[in-house]
1. Hey, got a sec? Which trypsin sites (Lys or Arg not before Pro) in segment 112-183 land in a DSSP loop and have at most 11 other Cβ atoms within 10 Å?
2. Pairs 149/172; 64/228; 173/277; 173/287; 74/149: which exceed 24 Å Cα-Cα?
3. Enumerate the amide H contacts of residue 178 below 5 Å, restricted to partners 5 or more residues apart or on another chain; note that Pro and chain-start residues carry no placed amide H.
Amino acid sequence: MIYILIAIIIVLCLLLYNERILNIKISNKLKEVLEEGSMERFKFENASKDKKKLLNNINNLMDKHQQIFMENKKYIDQHRRMISNISHDIRTPLTSLIGYIELSKSEDITPSKRMDYLNIAYSRGIVLKNMIEEFFHISKLEADDVEVKMEKVNLSEILRNNIITFINEFEKKDIQPEIRLGDKEIYVKGDVVCLNRIITNLISNSIKYGYEGKIIGVDLSIDGKTVKLVIWDKGKGIHEDELPYIFERLYTGEKSRNRNLQGSGLGLAITKNLVEKMDGSISVESKPFERTSFKINFKQ
């Protein structure tokens, strides 16, 4: 009997010793994570059931920590790139504006030439103003500082009103619009101001980058309780490698887009943000010179 008790005591001592060693290892590993950023996961060898559960939870916590770390790093990289791009994008029209104002001050030019220079400077100023407004708008969106008033609105009517405002631009670029809004008025649950901004951004984007295809389409349909809006063109499209990034802020698609046509790179980011604030979704598909489509789903 005494030998059995001794054996039990020895076994318990060994178990306690193993637990102590394991606790020390866990403590050291957590210290490495905190001080050195180590992401090596805990192993379950010689661990009790409860200890395995604890280690598994710690590993899950480390996975989450690594995910947050990577997302934070990505955000910091994007922020740095954004500052660099903003500086470049503002400097270009600002330099041009100042240059034309300087030219207009010359005493060696005719009044009509001076007026031409001033008109160009004015147009550069408008570009700069619009760009700054977009930077301001995206910052408000990301700070969740934009009020969205959800109500039942006539999307068919909003589309017609917006399309009319682009008629002159269609004619200037010899673009044939193909409008299919259906026979009945279609309503969605959304914000009128946001919907106008979304439609304007997407049609402007198609004119700017898809004008070579000479056709821009707007299709509106309803499938059950989902309203589907598609704005498409037959222009040069978007390179397959760039499709995953097209809605990122300040992404301007340098490979597939003409550098001279690029804007602030915020239009599509703002569009996606506004769509999602109204519980909608947006996606893009593109086959160069066949069809580039921006597809939006709204709730009725």
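All of the numbers you see were taken from the coordinates with simple rules; none came from a lab. Computed from a prediction, not measured in an experiment: that's the story for all the values here. Ideal geometry is used to build each Cβ from the backbone, glycine not excepted, and the neighbour counts take in all protein chains shown.
1. Qualifying residues, ordered by number: 149.
2. 149/172; 64/228; 173/277; 74/149
3. Correct list: 216, 217, 218.
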